[in-house]
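Below is one structure, written out as structure tokens, with a few remarks after it.
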Amino acid sequence: MTVEQFLAHEARLLDERRFEEWMALFTEDGHYWAPARPDQPDPWSEVSLIFDDREIMQNRIRRLRHPKVYAQQPASRAVRQVTNVSIEGEDAAKGELSVRSVFFMFEHRPTLPEPLARIFAGHYFHRLRRDGEGLRIVEKKAVLANCDAAFDPLFLYF
Amino acid sequence: MNAPQFAHAEPDVEGLVLPDRVSRRLYLEREIFELEMKRIFGRAWLYLAHESQIPREGDYVSAWMGLQPVIVVRHKDGKVHVLHNRCAHRGVMVVTDERGNTGNTFRCGYHGWTYRTNGELLLAPMRDAYAGRYDMSDPACFGLARVPRVAAYRGFIFASGAPLDDPAIPALGDFLGEAKACIDQLVDRSPQGEVDVSGGVHKYVVRGNWKAQIENLNDNYHPPFSHACSTDEQQRQFRRRYGDEEGPHLDTREEGSKWESVASVALDWGLSYCGPLPFNQGARGGPVYEAHVAALEKRHSRERVREIMADFFHNVIVYPSVVMQLASSHVRTLRPIAPDRTEIRVYPVRLKGAPEEVNRQLVRYLNITHSAGSLIQSDDVEMFRRVQAGLASEAQEYVWFNRHMADDATLRGGGTSEVIMRNQYRSGYLRYMASR
């Protein structure tokens, strides 16, 4: 599987709300990070839109499956596009790749009194680890172009 | 001031607030919103920023007092000024970023008018044109206008737009009253007795009226319902901190609910606090907690440290602009934008001198509970949106705040009491709205 194919597969799992399968792409020490400002140095000294280790990821996904998650009834429909993929670095000893890409994501939330529709765009920075024939995610960082804006509540991973 | 009197009558707000309910119009109508901006947000003590956000001279942050843009800036003598973000010449907003360092002066981009960081006009280019006719050193006409009242408590900077001769507005300390004890506890958890509020900010939009947010903050009737999706089959929430064995239990029992055991305390001017939530009680532990206690014990007696680490309150609302929370150590500001739009900002309150891991955990916790993508706050924001949508119905005029009416005699109640909201209207809202 090429890196491009992997990223397309990952985006598809999220589009199709196959969150558990998506989470299984992460290594045990893997995490997901959406910073709250463009040059944020780390997720520990400042707050983030999302900073999930696997424990929080599991809680977030369980919540999305809960019958009383009112803000996702009906659930959002989203579509993600990943382009401009480039391998930025490789750590042969660890078997890890650093990958940069561009994403666009459209979210439509069908609700009353009117639906909410919005576009997110930014860069993904993946740290991927080779795992046999496949790849696993050690870190996925999604930096929105407007990550320091005030948002309507966010329910989905970018 | 002899402003021209227009024919339209002001809305009769007092008639819309009853002892146990308020009219839907308070959430919907533009005229009422504008009056609130003038009478409440134009005069009340509003929290704007913390000293730690502007440590050096020339440091500033932008803020809002109701709809009015202001700049909170540290002058070269160390004093903090709150200046209107409006060039005296043609009305240009001088600063359009959220924070920065401006050096000694602010310069308007339009015609180059340049101001000292205390608001005085330093220069208006090609000044001969004014010579002999205008006293350009008159700050009232030609300065960045100063907000008249600025004061800080434990580093938290408040300002009020009320003129100094407005007798209705008390000094900041008197206004805060018992809420000071809550702020003290938040700050005293720092081994240096000082906090740092520069660890970034969560921002989110509420598609609802500002009052719907502030009426929720000490409402301990809603959590087991609004936040049901954060629980498992046993109504147990996920744990929020490393070291906690499990998360809180969101009890929905009809009788003997844990939520009734939470204290609600209503204070003057619409302020209030609630006691620790049932899930914060009991011993906390683990190496990070112990290291925090050890750092505090270098400064305080063991007895005092026990007091500091006990959860004395959960939320303190400094009506109408800010809430501070102990468990997740944050300050949260409300910025009304329109009757149906409010912006919320949530800043982590980091504890200076505490072990680094304490502050790291605190930041992690606040992402889980209060980011736009949080697992808790997003439930509330959805409900505020639905309040605004539902109130379009005209069949019923009122929303109700009539739980535990008997609590009004003492201004104390259990967690699900709506004495907090009734007191917001009686001792805060109506008092501001009734006087000009």
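The values are calculated or read from the model by the stated rules, or taken from the named source; none is laboratory data. Just so it is clear, the structure is predicted and the values come from calculations on it, not from any experiment. Heads up, the Cβs are rebuilt from the backbone with ideal geometry, glycines too, and the neighbour counts pull from every protein chain shown. Just so you know, the surface numbers come from the protein's heavy atoms only, side chains and all, with ligands and any DNA or RNA stripped out. Shrake-Rupley method; radii C 1.70, N 1.55, O 1.52, S 1.80 Å.
Laid out as a table, the results:
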{"quantity": "Output for region B:67-78, where each listed residue is more than 21 Å from residue B:142 (Cβ to Cβ) and assigned to a loop (DSSP other than H, G, I, E, B)", "calculated": "B:67, B:77, B:78"}
{"quantity": "Region B:103-128: number of residues that are assigned to a strand (DSSP E or B), more than 15 Å from residue B:92 (Cα to Cα) and not polar (S, T, N, Q)", "calculated": "3"}
{"quantity": "Residue within region A:28-51 that is open to solvent by 50 Å² or more (accessible area, probe 1.4 Å), of a type in the set (Lys, Arg), more than 11 Å from the chain's Cα centre (by Cα) and away from every other protein chain (no Cβ under 11 Å) present", "calculated": "no"}
{"quantity": "Residue within region B:394-411 that is closer than 30 Å to residue B:199 by Cα and more than 19 Å from the chain's Cα centre (by Cα) present", "calculated": "no"}
{"quantity": "Any hit, region B:224-240, residues being modelled with pLDDT of 95 or more and open to solvent by less than 10 Å² (accessible area, probe 1.4 Å)", "calculated": "no"}
{"quantity": "Matching residues, region A:61-76, being assigned to a helix (DSSP H, G or I) and either under 24 Å from residue A:114 (Cβ atoms) or of a type in the set (A, V, I, L, M) (or both)", "calculated": "A:61, A:64, A:70, A:71, A:72"}
{"quantity": "Strands (runs of 3 or more DSSP E) wholly inside region A:77-152 containing at least 2 residues that are more than 14 Å from chain B (Cβ to nearest Cβ) and among the polar types (S, T, N, Q)", "calculated": "A:77-91, A:96-109"}
{"quantity": "Top-ranked residue in region B:348-367 [being β-branched (Val, Ile, Thr) and open to solvent by less than 10 Å² (accessible area, probe 1.4 Å); ranked as farthest from the other protein chains (Cβ to nearest Cβ)]", "calculated": "B:349"}
{"quantity": "Cβ-Cβ under 7 Å pairs, at least 6 apart or on other chains, region B:307-319 side touching a residue at least 12 places away in the same chain (Cβ under 8 Å) and hydroxyl-bearing (Ser, Thr, Tyr), far side open to solvent by 10 Å² or more (accessible area, probe 1.4 Å) and not in a loop (DSSP other than H, G, I, E, B)", "calculated": "B:319/B:269"}
{"quantity": "Of all residues in region A:132-150 being open to solvent by 10 Å² or more (accessible area, probe 1.4 Å) and of a type outside the set (D, E, K, R), the one that is farthest from residue A:100 (Cα to Cα)", "calculated": "A:150"}
{"quantity": "Hits in region B:171-200 (condition: open to solvent by 30 Å² or more (accessible area, probe 1.4 Å), part of a loop (DSSP other than H, G, I, E, B) and either under 24 Å from residue B:69 (Cβ atoms) or without any contact (Cβ under 8 Å) to a residue 12 or more places away in the chain (or both))", "calculated": "B:198"}
{"quantity": "Hits in region B:382-436 - residues which are in contact with a Phe, Trp or Tyr (Cβ under 7 Å, 6 or more places away or on another chain), acidic (Asp, Glu) and not in a helix (DSSP H, G or I)", "calculated": "B:418"}
